[in-house]
Amino acid sequence: MAQSGAQKTSARSGNRARGKKRPLDEEGIIPILARAVREVENQAARGRVSPANRTKFQVAALLVREERNRVKEDPDVSLTERQEVLKRLDGLAAIMAKTAARDTSLIALLAPEAKVSDAAKRLRRDFLVASGAQLDPEELIIVEAKPELSPELAKQVVPQSVKQAQLANPFMAPDFAAYRNPSAKVAGALTNWELIDPLFRAFEQGAGGGAATMDLPEAGPLHTPGGVDLMVHQSRFIESVRKGHRTFLLADEPGLGKTAQALMAAEVAEAFPLLVVVPNVVKMNWAREVHKWIPSRRVTVVHGDGGELDAFSDVFVVNYDILDRHVGWLSKFDFRGMVVDEAHFIKNRESQRSKYVQAVAKTIRARLGHPLLIALTGTPLINQIEDFRMIWEFLGWIDEKKPLGDLMVALEATGLTPVDPGFFAEARRAVVSMGIVRRRKEDVASDIPARRIADIPVELDDESGRSVRDAEAALVSRLIDRYYRVLTARGTEPGHIDYDLVKLVAHSEVEESKQEQTGDNVFTLVRRIGQAKALMAADYTSQLARNVGKVVFFAKHIDVMDAAYSHFVQQGFQPTQIRGDQTAQVRQDAIDQFTNNPDVKVIVCSLQAAGVGVNLQVASNVVLAELSWTSAEQTQAIDRVHRIGQEVPVTAWRILAAQTVDTRIAELIDHKSGLALRALDGVDVEDAEEGTMQEVALRNLLIGALTERGERG
C-alpha cells in the first residue's frame, strides 16, 4: 500500500503549519488508532468480532506498521519524540495481540500479505485524513477492484421469455422518488459515531420487557380478492402497508400466515412485478398461495434454467439454490417489490445466496424510492444479535458501515448518543419502528382456529421424483388397458365414460395389489412418494423447530422415519422417536425426553405406533410427512398435540407431492372427514365418495386419463 502521503507529512507537522500545538495524546494518528483498537478489544471480550470491527482491526495493524516505519525514518522527529511514539505504538500492538488471542480469526489480518479490501482502503484513508495528514490524490480516490467472474456467475442464464419481455418493454419507467427522499442524507450529533454495534447492543440491553413489534393500525377490511378472509392480526399488518409503510421484517411465528400477509401487502402497494425468493421446499406452496389470495395475478415459478418461465407474470418465485444462474437478469428486471422467505438464510454475508439477494435488492432500492421489501422469518436470530445485519441491509435500513435514511433520522430525533443513559432503549424503539413485526400464537390465540391443517406442496424434481412419475404413469396405463379390454369384450364403443366400469376396474386393481404389494401398484406408489418427500419434509421440520421450538414429525413407513431421523441428527438436533418395535419403557423415555428436555426439539413418530395413547402437547406444530389411508388416522395423529392442556392453537403441516396422486389423496382425506362431521356433529358438508380411499383415488386417476383421451363424462 502506498505510504508516500503519510511519510511526506506527519499529522504533527500539519498541526504546526496551522499554528496549533496540541498534547501528544490528542494529535495525529495514534489517538484515532487507540480508539479503534479499544473498540475491537471490547467487542472481542463480549464475543465474536463483527465484520466492521474486523476491518478496523486490519486497518489499525496497517497504520501501526506504517507509522512505526515513518517515525523511524523521519529526520525531523527528535529522539525523545521517536521514543515516545514507538512506546505508544508498542502499547497498541500489545492490545491487538491480546485481542487476537481472544478471537483467533483476527490473527490472519495481522499478516503483511493479508488481502486489503476496498472498505479497508477507504477506512485507512479516512483515518489519515482525520489525523490531519495531507494525502496524495491517488490515496484520496479509492478505485474499487472489479471482481473476477466467478464460476457461479459464468453459469448465469437469461431465459427466452425474459428476453421477449425486455424487447416488449426495453425502457423502465423512471422513478425519481429516491432523489426526492429528504432523509437520504442526515447531518447531526450522531454523524461521526459508529452506530451499527450500538444498535445490536440495543437489542441486547434496551428491551425493557417490550415486544419487538412496531405500532400497527387497527384492522381494516378482512376480505381479499380470493374470497378468503384475513385474520385480524393479518389485516393490521396490511393496513400499515395501505398507510404507506414499505419495509418490514415480518417475524411472526409459523402458522400465523406470513405468506398471505406478504402477498396482500404487494396487492395493496401495487408492488408488481414482485420477486419472491424462497427455500426450494416451499416454492410450489407460494404459487398456490398466489392463486388463493390474489387470483387475478399471474405467477411463474422459476425452475432450473428458466425454460418454462413466463416473464410477463406478476409474481416471480425463485429458490435460493438457483439464484446463481438468474441473478444477472433478476438485477435488471423491473421489479417493484421483493420478498425474502426464511430470511435467516441470508445471515452469512459471505454466502453466495446472501450476496445474490443483496445484489438484487440493491438494484431495486436504487431504482425506486420506496419499494416494498419484506423479510419473512420466524427466527431472525439464530446464534447472535448480529444475525440481524444482513436482513437490515436487505431492507435498506443500514449499509456496511452506518444506519441509512429514515433510521438515521429516527436515531437523531432521540437527541441521544451511545454514551447517554437511555440510548439503547430509544435506539431499539427506532429500529423496531422501521418495520419489525413479531406476533406469537399465544398473542393472537383468539384470532386463529384452535386447530388447522396447512398443506405444503413440494416438487419432486430429482431422480426419485422421476421414478414416482414413471410409476404413476405405468399404473394409469394399466388401468386404461383394463377399462378398454372390458369395453371390447362387451362390444361397447368408447365415447362416454362408464362410471360403473371405472368402479369395477379400481376395485379389481386394489384387490390384486393387496395380494402382491410389489411392482407398480397404488400401495408401492404411495410408498415411493413418501420416500421421495422424506428429506424435504425433514428439512421443513428443521426450519419449524428453529422457528418455534418443539415439533412432532409423523411418517407411515420405517424407511421414511429413518431418513428423517438421520437428517435431524446431521442438522444438530437431538431427536427422539416413537416406533412400533419399542418396549413400553423405551417409548415412555422417548416421550419424557421430548416433553422435559429443552434440547430435544423433534420427535419422529410412526402414524400407527404413536397415533393413540400418546400425549405430546408440549408442541403445537405437527408435520405429516406421509398421508394415511384414513382420515381418522390423520386426526388421531394431530390429536397427540391438540388435546386438553394445550394452551395455543395447533397447526398440522401436510407435506404433499405436487402433481401426483398425493394431492388427490389429501383431498379425499378431507372429504372423508366430512362423514364424521355430518354423522356425529350435524355439520352440513358435501357427501364423501363411497369406497376405500385407494379405490376412490384410482377412480379419479382413471377418469382423468379417460377425459384427456377425449371420453365424455
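Just one of (1) modelled with pLDDT of 90 or more; (2) part of a loop (DSSP other than H, G, I, E, B); (3) not charged (D, E, K, R) fails for GLY613. It is (1).
Suppose we keep only residues that are in a loop (DSSP other than H, G, I, E, B) and in contact with an Asp or Glu (Cβ under 9 Å, 6 or more places away or on another chain) within the stretch 627-659. Which one would you say is surrounded by the fewest Cβ atoms within 10 Å (Cβ to Cβ)?
In the first step, residues of the stretch 627-659 are kept if they are in a loop (DSSP other than H, G, I, E, B); the result is 627-630, 639-649, 658-659.
Filter again for in contact with an Asp or Glu (Cβ under 9 Å, 6 or more places away or on another chain), leaving 627, 647-649, 658-659.
Numbers: LEU627: 28, GLU647: 9, VAL648: 20, PRO649: 20, ALA658: 18, GLN659: 15.
Applying the filter and picking the extreme gives GLU647.
Please specify each residue of the stretch 546-565 satisfying the condition of being part of a helix (DSSP H, G or I) and in contact with a Pro (Cβ under 9 Å, 6 or more places away or on another chain). Hits for the stretch 546-565 are ASN547, VAL548, ALA564, TYR565.
In the stretch 411-427, which residue that is of a type in the set (Asp, Glu) and buried (at least 17 other Cβ atoms within 10 Å of the Cβ) is nearest to ALA189 (Cα to Cα)? Spell out how you get there, then give the answer.
We begin by selecting, within the stretch 411-427, every residue of a type in the set (Asp, Glu); these are 412, 420, 426.
If we keep only those that are buried (at least 17 other Cβ atoms within 10 Å of the Cβ) too, we end up with 412, 426.
Numbers: GLU412: 7, GLU426: 15 Å.
Checked the stretch 411-427; the qualifying residue nearest to ALA189 (Cα to Cα) is GLU412.
Which one of these is among the aliphatic types (A, V, I, L, M) and in contact with a strand residue (DSSP E or B) (Cβ under 6 Å, 6 or more places away or on another chain): ALA430, ALA454?
Working: ALA430 fails: in contact with a strand residue (DSSP E or B) (Cβ under 6 Å, 6 or more places away or on another chain).
Answer to the selection: ALA454.
Might you check whether a residue that is in a helix (DSSP H, G or I), of a type in the set (Lys, Arg), farther than 20 Å from SER50 by Cα and within 27 Å of the chain's Cα centre (by Cα) occurs anywhere in the stretch 412-428? No - not one qualifying residue is present in the stretch 412-428.
Selection of the stretch 322-352 for residues being over 21 Å from THR377 (Cβ atoms) and either in contact with a His (Cβ under 6 Å, 6 or more places away or on another chain) or part of a loop (DSSP other than H, G, I, E, B) (or both) yields PHE333, ASP334, ARG336.
Can you name the residue in the stretch 435-491 that is polar (S, T, N, Q) and loosely packed, with under 13 Cβ neighbours inside 10 Å and, of all such residues, is modelled with the lowest pLDDT?
SER446
Within the stretch 524-547, does at least one residue satisfy the condition of being under 28 Å from LEU479 (Cα atoms) and without any contact (Cβ under 8 Å) to a residue 40 or more places away in the chain? Checking the stretch 524-547: at least one residue is under 28 Å from LEU479 (Cα atoms) and without any contact (Cβ under 8 Å) to a residue 40 or more places away in the chain. Would you call PHE573 in a strand (DSSP E or B) and either buried (at least 23 other Cβ atoms within 10 Å of the Cβ) or in the same structural domain as LEU624 (by TED's automatic domain parsing) (or both)? Criteria not met by PHE573. Within the stretch 476-498, the set of residues being of a type in the set (Phe, Trp, Tyr) and farther than 10 Å from LEU702 by Cβ comprises TYR484 only. Out of everything in the stretch 177-209 that is of a type in the set (Lys, Arg) and outside any loop (DSSP other than H, G, I, E, B), what residue ends up being modelled with the highest pLDDT? Applying the filter and picking the extreme gives ARG201. Residues in the stretch 312-321 include at least one that is among the small types (Gly, Ala, Ser), surrounded by fewer than 21 Cβ atoms within 10 Å (Cβ to Cβ) and in a loop (DSSP other than H, G, I, E, B). Picking from residues in the stretch 333-352 that are more than 13 Å from LEU372 (Cα to Cα) and basic (Lys, Arg), the one that is farthest from the chain's Cα centre (by Cα) is ARG349.
The values are calculated or read from the model by the stated rules, or taken from the named source; none is laboratory data. Quantities reported herein were computed from a predicted structural model and do not represent experimental measurements. Note: ideal-geometry Cβ built from the backbone for every residue, glycine included; neighbour counts use all protein chains shown.
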